[in-house]
1. Once you put a point 7 Å from the Cα of A290 and another 7 Å from the Cα of H307, both along the Cβ direction, what distance in nm separates them?
2. Karplus couplings for the range 149-154 from phi (6.51 cos²θ - 1.76 cosθ + 1.60, θ = phi - 60°), rounded to Hz, Gly and Pro as x?
3. Could you give the length gained by full extension between T9 and M84, i.e. 0.36 nm per residue of separation minus their alpha carbon distance, to one decimal place?
4. List the residues whose amide H sits under 5 Å from the amide H of G238, counting only those 5 or more places along or on another chain, with H placed 1.01 Å from N in the peptide plane.
5. Just one of [x] 19.8, 66; [y] 24.9, 82; [z] 19.1, 58 is Rg and Dmax of the Cα atoms in Å calculated from these coordinates, so which is it?
6. I'd like the antiparallel share, as a percent to the nearest 5, of DSSP beta bridges with both residues in the chain.
7. Spelling out what I want: for every residue of the range 199-206, take phi, set θ = phi - 60°, compute 6.51 cos²θ - 1.76 cosθ + 1.60 (Karplus), and round to whole Hz; glycine and proline get x.
8. Taking R0 as 30 Å, what FRET efficiency do you get between Q220 and A135 from their Cβ-Cβ distance, rounded to the nearest 0.05?
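The values are calculated or read from the model by the stated rules, or taken from the named source; none is laboratory data. All values reported here derive from a predicted model rather than from experimental measurement. Glycine gets a Cβ as well: all are built from the backbone with ideal geometry, and neighbour counts include every protein chain shown. Note: areas computed on protein heavy atoms with side chains; ligands, DNA, RNA excluded. Shrake-Rupley method; radii C 1.70, N 1.55, O 1.52, S 1.80 Å.
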Amino acid sequence: MKLAEIASTLGARLENGSPDTEITGVAGIEEASPHQITFVANPKYGTAARTTKAAAVIVSEQFPAIPTPLLRSQNPYLAFAQAMEIFYPAPQYAPGVHPTAIVHASAKIGAHAHLGPYVVIDENVEIGAHAVLLAHVVIYRGVKIGDHFFSHAHSVVRENCRIGNRVLLQNGVVIGADGFGFAKDGANRWHKIPQPQPVVIEDDVEIQSNSCIDRSSVGQTFIRRGAKIDNLVQVGHGSQVGEDSLLASQVGLAGSTEIGKNVILTGQVGVVGHCKIGDGAIVTPQSGVAGDVPAGAIVSGAPAVDHKLWLKYSAILSKLPEIARAVRAKK
């Protein structure tokens, strides 16, 4: 594919490079060959951009001019992702039903579906057009799913859950397992609380491997449009994850947590039940949220506090032994 054609496809502006250079792929800035393109989204890699062997580097409009051929873009990271799609398209699966798949007679499957080996679809399930369900996917009774659903091997969608269009489940995802709810009886034993309410997942959601989105006893668990959930995430019963929010690996939301729009919860963040995190907030890694977080805030620590305050805490931590000795010496 010619460099000029790539620039046109990405909506980028070619600077310094030959439009007829043949491009065969995409690679990191240090590994790229003369027939590959790469990108720089962080200015600290400016030196590497000068020495890379790549045919061209995708950069922002503000990136300083250098001798290396450039593809200038308003959003270089997005342009790089689109370039990856050009050279590494997602695998395609031909429509058809594998002989080992089990589909209940009452189920309604849209046109051009691919059902892989040992897929199980229970009664009264509805799945839209162009669905791909790979090996051992199980869809319980009463589930309703939109178009372009893609479910990798061993994913499970439990009874009566609702899933929108263009939803992607990675391997081992469980949608709609019972919420963790128990009440003690008179003998001090735990009595299970029924969890009949389904999970609702809106359009354009991706949930990555081995994450669990629990159903609830009352109300519903909602994953709103465009949310992205990483591996090994637990979303507790009755929680809500807002539009375009990101939950990184090992995040845990206790029951009835409310996450706003465009929120970022980074790795291993834990949120106590019934807390609300406002739109655009960011919680940094391994933080524990025990109260509401206002919109736009950046919080850190356990319990989580304003990030700037947490930085002051952190600066003092290493000095605590010295401070303690000084305090004892004054007694």
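1. Inter-label distance under the simple model: 2.2 nm.
2. 6, 10, 10, 6, 3, 6
3. Net length gain for the segment: 25.8 nm.
4. S216, T221, S256
5. Looking at Rg and Dmax of the Cα atoms in Å for this model, the match is [y].
6. Of the beta bridges lying entirely in the chain, close to 15 percent run antiparallel.
7. 8, 10, 10, 7, 5, 6, 9, 10
8. 0.50
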